[in-house]
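I have placed the structure first, in the form of C-alpha cells, so that the comments after it can refer back to it.
The values are calculated or read from the model by the stated rules, or taken from the named source; none is laboratory data. Just so it is clear, the structure is predicted and the values come from calculations on it, not from any experiment. Virtual Cβ from ideal backbone geometry, glycine too; neighbours counted across all protein chains shown.
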Amino acid sequence: MTQALSLLLANVDVSAKEAYELLLTAIRVERLKAMAAISAAMNQQHRPFQGGGLRATKLAVRMKSHLNRYKTLAFLLSAGATADTPELRDQLLLDAKCGRLSHVQLLIKAGVPSHKAEANVLQWAVEILNSNILDVLLEGHIPPDAASRAVASVPMAASEADKIRFVSALAQKGASSETLGPLLLRAVQDAHPRLTDLLLQLGATSEYRLDDSQNALCAAAKRGDVALMEKLCRANPTALVPSEALPLAFDGLASPSRLNDLLRALEILIVQGACGTAIDDTVLKALGHPGREKILATLLPAGILSSTAGQAVDFVIRQSGTESLLMLICDNATVTGETIQRALEHVFYSNPEVYDEKKASVLSGTANRHGYRDALDQLLVNPARDTHPKANQIADLLLADGANINFGDSHVLVAAATSADPSRVAELLR
C-alpha cells in the first residue's frame with residue numbers, strides 16, 4: 001500500500017492542502033509508513049506543513065501507542081513542525097513525569113521549551129531533585145530568567161550535594177546571583193561549607209533576609225564561626241551589617257576560652273559598618289564578661305555609646321576594681337550630667353566608710369571635660385557631705401574640677417559660718 005501511495009503522489013498533482021489532509025489521516029490511523037511516504041512527497045515538491053503542522057502534532061500526541069507517538073513526533077519535528085506549542089509542552093511534562101527520558105530528549109532537541117509557566121518542566125525537575133531529567137533539559141535552550149526562577153525552586157531541605165549539583169547546573173545557564181541569597185542563608189545555617197563557597201563564587205549576597213529575620217552574616221555570627229564571617233565580608237565588602245549581628249556574635253562566642261575569637265568577630269563587624277544601638281546592646285552584654293575591658297576597648301572607639309551609657313556607668317560603679325573600665329566608658333560614651341551626678345552620689349554616699357577615690361576622680365574629671373559643672377556644684381553643696389568622713393577630700397576633688405559655690409544658697413553660708421576649721425572656711429570662700 002505504501003508503494004502504491006508513493007507512486008500515486010509522484011504522478012498525480014496533489015495540492016499542498018490535500019497532501020496535508022492525507023498526512024493527518026495517516027496520523028489518525030497510526031500508519032507510520034504512509035506518513036513517511038506522504039512527507040517524502042511533500043519534501044520533493046517543497047511543500048511545507050500548513051500552519052506549522054499544528055494540527056498534525058495535536059493528533060500525534062493523542063496516539064495511544066507510546067512508540068507510535070514517539071516516532072510520529074520525531075518525524076514531524078524533524079520535518080519542520082513547530083516545536084513550541086501547548087500540546088508539545090504538555091507532552092514534555094508528561095514524558096518527564098513518566099520518566100521517558102528518550103522522549104524528553106527528542107522534544108528538547110527539537111526545541112520544545114521546558115520553562116514555560118503553564119508546563120514548567122524545569123521547575124518540576126528542580127523541585128523534586130530529578131537530576132536525570134534536569135541533565136536532559138539542560139541540553140535545550142533555557143534563558144537566564146528561567147534558570148533564575150528554577151534556582152529559587154531548589155528545596156531548602158535538599159542535601160548539600162544535591163544543592164551543589166543543581167545550582168552549578170543552573171548557574172551555567174545564567175541564573176542570576178540575586179536569586180542565590182536564600183540558598184546562601186540556608187547553607188550558613190546548615191553548616192554546608194562547600195555549598196557556601198560555591199554560592200559566594202557565583203556572587204550570592206549575604207544581605208538577603210527571610211521575613212526580616214537574620215541574614216547569612218548573622219547566622220555565621222550566631223554559630224560563632226569567625227572564619228566564615230571573614231569570608232562573607234570579603235565576598236560582600238559593601239554589605240550592610242544588621243543591628244543584631246554584634247549581640248549574636250557575642251552570644252555565639254561568649255565562652256571565656258574564645259575571647260580572642262570574640263574580639264576578632266567584633267572587629268570584623270565593626271569594620272563592616274556595625275554601629276549605633278548594636279554597640280550599645282553589646283556593651284551591656286560585655287559588662288559581665290571576664291574579658292570585658294578588652295571587649296569594650298574594641299567596641300567603644302567604634303561608636304559613641306549613648307542610649308545605654310547610664311546603665312553601663314551604673315553597673316560599673318557598683319563593681320570593685322573597675323576604675324579603668326569606668327574611664328574607658330566615660331572617655332568613649334555620651335554620659336549626661338545627670339548620670340555623672342547620680343554616679344558620684346553613689347560613690348560618695350552609698351557607703352561613706354568606703355570612699356572610692358579613683359572612681360570619684362574619673363567621674364568628676366569627666367564632668368569637668370564635658371562642662372557638667374552644675375552637677376559638681378550640686379554635689380558640693382549636698383548636705384550629706386557635711387557629715388561624710390571624707391568631706392574635705394570630696395570638696396577638694398569637686399573644687400579642683402571646677403565646682404563653684406553659689407553664695408545665694410543658704411546652706412553654703414551656714415556651712416561656712418559654723419565650720420570649726422578656719423582653713424575650710426578659707427577654702428570655701430576662695
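A few points about this structure:
- Of all residues in segment 40-55 being within 58 Å of the chain's Cα centre (by Cα) and either part of a helix (DSSP H, G or I) or modelled with pLDDT of 75 or more (or both), the one that is farthest from Glu87 (Cα to Cα): Gln50
- Note on segment 285-322: residues that are buried (at least 16 other Cβ atoms within 10 Å of the Cβ), among the basic types (Lys, Arg) and farther than 21 Å from Asp225 by Cα amount to 0.
- Segment 262-274 residues that are of a type outside the set (A, V, I, L, M, F, W, C), paired with ones that are in a helix (DSSP H, G or I) and surrounded by fewer than 24 Cβ atoms within 10 Å (Cβ to Cβ) (beta carbon under 8 Å, 6 or more apart): Arg264/Val226; Glu267/Thr298; Gln272/Cys233
- Filter result (hydroxyl-bearing (Ser, Thr, Tyr) and within 12 Å of Lys359 (Cα to Cα)) within segment 298-334: Ser320, Thr322, Ser324
Yes/no per residue for (1) crowded, with 17+ Cβ neighbours inside 10 Å; (2) among the polar types (S, T, N, Q); (3) at pLDDT 85 or above:
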| site | (1), (2), (3) |
| --- | --- |
| Thr57 | yes, yes, no |
| Arg69 | yes, no, yes |
| Gly80 | no, no, no |
| Ala125 | yes, no, yes |
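- Test result for Thr282, more than 30 Å from Ala161 (Cα to Cα), among the β-branched types (Val, Ile, Thr), in contact (Cβ under 8 Å) with a residue 24 or more places away in the chain and surrounded by fewer than 21 Cβ atoms within 10 Å (Cβ to Cβ): no
- Count of segment 154-175 residues which are buried (at least 17 other Cβ atoms within 10 Å of the Cβ) and assigned to a loop (DSSP other than H, G, I, E, B): 4
- Residue, nearest to the chain's Cα centre (by Cα), within segment 327-358, restricted to residues that are farther than 18 Å from Ile279 by Cβ, buried (at least 23 other Cβ atoms within 10 Å of the Cβ) and of a type outside the set (Val, Ile, Thr): Ala343
- Test: residue in segment 92-103 that is closer than 30 Å to Ala216 by Cα and crowded, with 23+ Cβ neighbours inside 10 Å: no
- Residue within segment 213-224 that is over 15 Å from the mean Cα position of the chain (by Cα), basic (Lys, Arg) and farther than 21 Å from Asp331 by Cα present: no
- Scanning segment 262-287 for residues that are modelled with pLDDT under 90 and not aliphatic (A, V, I, L, M) yields Gln272, Gly273, Cys275, Gly276, Thr277, Asp280, Asp281, Thr282, Lys285.
- Test: residue in segment 230-248 that is out of contact with any Cys (no Cβ under 7 Å at 6 or more places or on another chain), of a type in the set (A, V, I, L, M, F, W, C) and farther than 19 Å from Thr196 by Cβ: yes
- Considering each residue of segment 244-256 in turn, none proves to be of a type in the set (Ser, Thr, Tyr), under 18 Å from the mean Cα position of the chain (by Cα) and either assigned to a helix (DSSP H, G or I) or loosely packed, with under 15 Cβ neighbours inside 10 Å (or both).
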